[in-house]
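Quick notes on the structure that follows.
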Amino acid sequence: MKFQERIITLKDGRTCVLRPATPDDAPEMLVWLKKTAEETEFLLRYPDEEKITLEEEVEILRKKYEDPYAIFMLAVVDGKIAGNCGVAGIGYKRKFRHRCSMGIALYKEFWGLGIGTALIEYQTELAKQIGWRQLELEVVADNVRARALYKKRGFVETGRHPDAMLFDDGTFHDEILMYKLLNE
Ligand SMILES: CC(C)(COP(=O)(O)OP(=O)(O)OC[C@H]1O[C@@H](n2cnc3c(N)ncnc32)[C@H](O)[C@@H]1OP(=O)(O)O)[C@@H](O)C(=O)NCCC(=O)NCCS
């Protein structure tokens, strides 16, 4: 969806722009998808599984930009994409359309500067405006940083998927389910 750009000041004094992703961001996003998958195990994919073509990425970003029920927000620092946060509805059928879910990731060099907090705050505002009742997410149990951030932003833990992920090193990892009511 289209929304207004917001400018924030990071903990290191730099400026960060929060804005919608557009199809023009596709080339940089492809690099971002691969590199972030290399930098952390806590995302859903390994770098070699990232096979989206430029044309496909352009189309994905175009659809998200034009969809009034999808938020795809970039954080840009010094003209470079530092990370993004996306929110989408869980389903369009009446029984599910009060729910949306969120994903977020930043390049490692931008962790700890307050970008995650700012993305979640702005996303939450927009998700409320769209009319969703609750924002949900899943996080790997060992992802202490992300769990701390979500808790600080008002998410509560509601359950656990045992052995939800199998890493390449042969270890299994639980996922924690979290949610936040948007109408409070
Ligand atoms: C998770 C992620 C988005 C967080 O973004 P971020 O910009 O680093 O987060 P912020 O700097 O806004 O805030 C993190 C907060 O958690 C706190 N925190 C960090 N590590 C912590 C820890 N080990 N224990 C307790 N609190 C911790 C920080 O102090 C900060 O709180 P504060 O602002 O009150 O000081 C980012 O680290 C990331 O992209 N990680 C890799 C991808 C990922 O894990 N995505 C989530 C998948 S579910």
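Hey, among ARG97, ARG45, which residue is among the basic types (Lys, Arg) and either within 13 Å of the chain's Cα centre (by Cα) or farther than 21 Å from ASN143 by Cβ (or both)?
Of the residues listed, the single one that is among the basic types (Lys, Arg) and either within 13 Å of the chain's Cα centre (by Cα) or farther than 21 Å from ASN143 by Cβ (or both) is ARG97.
Report, ordered by the first and then the second residue, all pairs with beta carbons closer than 6 Å, sequence separation of six or more or different chains, a first member in the stretch 161-173 that is free of Cβ contacts under 8 Å to residues at least 12 places away in the same chain, and a second member that is of a type in the set (Asp, Glu).
So the pair list comes out as PHE172/ASP163.
Among the residues of the stretch 1-34, count how many are assigned to a loop (DSSP other than H, G, I, E, B) and without any contact (Cβ under 8 Å) to a residue 12 or more places away in the chain.
2
Can we say LEU177 is at negative phi, part of a strand (DSSP E or B) and surrounded by 13 or more Cβ atoms within 10 Å (Cβ to Cβ)?
yes
Look through ALA37, ALA82, ALA105, ALA88 and report the one residue that is surrounded by 13 or more Cβ atoms within 10 Å (Cβ to Cβ) and outside any strand (DSSP E or B).
Testing whether each residue is surrounded by 13 or more Cβ atoms within 10 Å (Cβ to Cβ) and outside any strand (DSSP E or B) leaves just ALA37.
How many of the residues making up the stretch 117-171 are part of a strand (DSSP E or B) and near the ligand (Cβ under 8 Å from one of its atoms)?
Taking the stretch 117-171 first, the residues part of a strand (DSSP E or B) are 134-140, 156-166.
Those left that are additionally near the ligand (Cβ under 8 Å from one of its atoms): 137-140.
Residues meeting the conditions: 4.
Can you pull out the residues in the stretch 52-88 that are of a type in the set (Lys, Arg) and within 16 Å of the ligand (Cβ to nearest atom)?
The one that is of a type in the set (Lys, Arg) and within 16 Å of the ligand (Cβ to nearest atom): LYS80.
Mind telling me which of the residues LEU149, LEU177, LEU182 ends up being over 18 Å from ILE90 (Cα atoms) and touching a Ser or Thr at 6+ places or on another chain (Cβ under 8 Å)?
LEU149
Restricting the search to the stretch 50-79, which residues are of a type in the set (A, V, I, L, M) and either in a loop (DSSP other than H, G, I, E, B) or touching a Ser or Thr at 6+ places or on another chain (Cβ under 7 Å) (or both)?
Within the stretch 50-79, ILE52, LEU61 qualify.
Readers should treat all values here as calculations from the given coordinates under stated rules, not as data from a laboratory. Owing to the predicted nature of the structure, the values given are computational and were not obtained by experimental measurement. Positions of Cβ are generated from backbone atoms using ideal geometry, with glycine treated the same way; all protein chains shown enter the neighbour counts.
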